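Everything on this sheet refers to the single structure shown next.
The values are calculated or read from the model by the stated rules, or taken from the named source; none is laboratory data. The structure displayed is predicted, hence computed values, not measured ones. Cβ sites come from the backbone with ideal geometry, for glycine too, and all protein chains shown count toward neighbours.
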Amino acid sequence: MTEQITVGIVNTLKIDRESDHGLYLTDAIGESVLLPNLYVTEAMQPGDILDVFVYTDSEDRIVATTEMPLARRDEFALMKVTDIAPFGAFVDWGLPKELLVPKKMQKNRLEIGKSYIIHVAYDPDTDRLVGDTRIGRYLSHDPKAMQGLEEVDMLIVARTPLGYKVIAENRYEGMLYHNEIFEKLTVGERRKGYLKKVREDGKLDLSLQPVGKAKEDASVQKVLEILEREGPALPYTYKSDAEAIRERFGLSKKNFKRALTKLIDTGKIVLDETGIRIK
């Protein structure tokens with residue numbers, strides 16, 4: 001169980017008692033929070049353990065919900081602006097009460113109907129969560145903190161002439177380069193990435209494919225999985241068009257050819273003039 005109820009994260013709490021307004025959940029030290037009737041099911045019973053997100057409702061009361069927002073405390077997500085007020089903008093973050101992005105936390109003035117990458121921040125003075133578009137202040141550029149990184153969770157934040165800017169592990173700024181991307185990407189999308197290099201400026205060079213031998217193995221597995229799913233035969237060879245290969249397999253022609261060679265050498269597929277098929 002969660003040691004102490006914390007706003008902005010998923011808390012693991014025990015159902016303590018019922019009330020007219022919902023269920024009261026408690027943490028390890030006996031503090032309680034209400035799970036409103038909207039989220040209560042018949043299967044929930046006193047003594048059960050629940051994972052709930054804790055935040056403040058429209059009346060600034062701390063409440064629990066079984067729904068999960070697009071981003072939690074200290075995380076980022078693409079959110080759409082739904083309303084503008086003199087003191088800030090409201091964005092849809094996946095919960096009934098929208099998230100406020102105060103004017104002072106807007107890098108540029110937000111507009112209704114547009115979507116922006118938002119950081120969910122905690123305001124200790126009010127015990128509330130707020131949004132912030134000044135995302136750079138929440139990113140670390142300390143190379144020592146990046147030691148040991150290999151596979152990372154990425155959020156695509158912007159398309160640039162070089163490639164796509166990403167936030168990795170909700171902490172680090174990175175780049176995916178256009179000449180290494182063989183599939184469609186969209187801003188706000190979450191993807192798995194692989195570390196290629198930590199640059200001197202503390203930013204990361206990343207890839208959508210594993211690096212080195214792992215990359216070769218992943219390409220082989222990808223071709224085989226697509227063959228098994230869409231085959232058993234497909235009209236692709238060493239001479240196939242690079243764009244057609246990219247669209248079907250999400251691989252460069254170079255990596256596709258290497259994968260074919262590996263699969264042929266291991267006896268898993270057969271290649272002839274018409275294409276490839278599972279052996």
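Taking each residue of segment 220-245 that is outside the structural domain of residue 258 (by TED's automatic domain parsing) and looking for partners that are surrounded by 11 or more Cβ atoms within 10 Å (Cβ to Cβ) and part of a helix (DSSP H, G or I) with beta-carbon atoms closer than 8 Å, six or more apart or interchain, yields nothing. Taking (1) under 23 Å from residue 93 (Cβ atoms); (2) touching a residue at least 24 places away in the same chain (Cβ under 8 Å); (3) outside the structural domain of residue 98 (by TED's automatic domain parsing) in turn, residue 130 satisfies each apart from (3).
Confirm whether residue 231 is more than 29 Å from residue 88 (Cα to Cα), modelled with pLDDT under 90 and exposed (fewer than 14 other Cβ atoms within 10 Å of the Cβ). Judged against the criteria, residue 231 is not a match.
Of all residues in segment 165-205, count the ones that are within 15 Å of the chain's Cα centre (by Cα) and either over 20 Å from residue 146 (Cβ atoms) or not polar (S, T, N, Q) (or both).
Of the residues in segment 165-205, 19 are within 15 Å of the chain's Cα centre (by Cα) and either over 20 Å from residue 146 (Cβ atoms) or not polar (S, T, N, Q) (or both).
Conditions tested, residue by residue: (1) assigned to a strand (DSSP E or B); (2) under 30 Å from residue 189 (Cβ atoms); (3) under 22 Å from the mean Cα position of the chain (by Cα); (4) free of Cβ contacts under 8 Å to residues at least 40 places away in the same chain.
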{"residue": "4", "(1), (2), (3), (4)": "no, no, no, yes"}
{"residue": "14", "(1), (2), (3), (4)": "yes, no, no, yes"}
{"residue": "43", "(1), (2), (3), (4)": "no, no, no, yes"}
{"residue": "84", "(1), (2), (3), (4)": "yes, yes, no, yes"}
{"residue": "94", "(1), (2), (3), (4)": "no, yes, yes, yes"}
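Looking at the structure I just gave you, is residue 174 outside any helix (DSSP H, G or I) and in contact (Cβ under 8 Å) with a residue 60 or more places away in the chain? No, not satisfied.
State the number of residues belonging to segment 55-80 that are in a loop (DSSP other than H, G, I, E, B) and either surrounded by 14 or more Cβ atoms within 10 Å (Cβ to Cβ) or modelled with pLDDT of 95 or more (or both).
Number of matching residues: 11.
Suppose the filter is outside any loop (DSSP other than H, G, I, E, B), surrounded by 13 or more Cβ atoms within 10 Å (Cβ to Cβ), in contact (Cβ under 8 Å) with a residue 12 or more places away in the chain and in the same structural domain as residue 156 (by TED's automatic domain parsing); does residue 195 pass it?
It is true that residue 195 is outside any loop (DSSP other than H, G, I, E, B), surrounded by 13 or more Cβ atoms within 10 Å (Cβ to Cβ), in contact (Cβ under 8 Å) with a residue 12 or more places away in the chain and in the same structural domain as residue 156 (by TED's automatic domain parsing).
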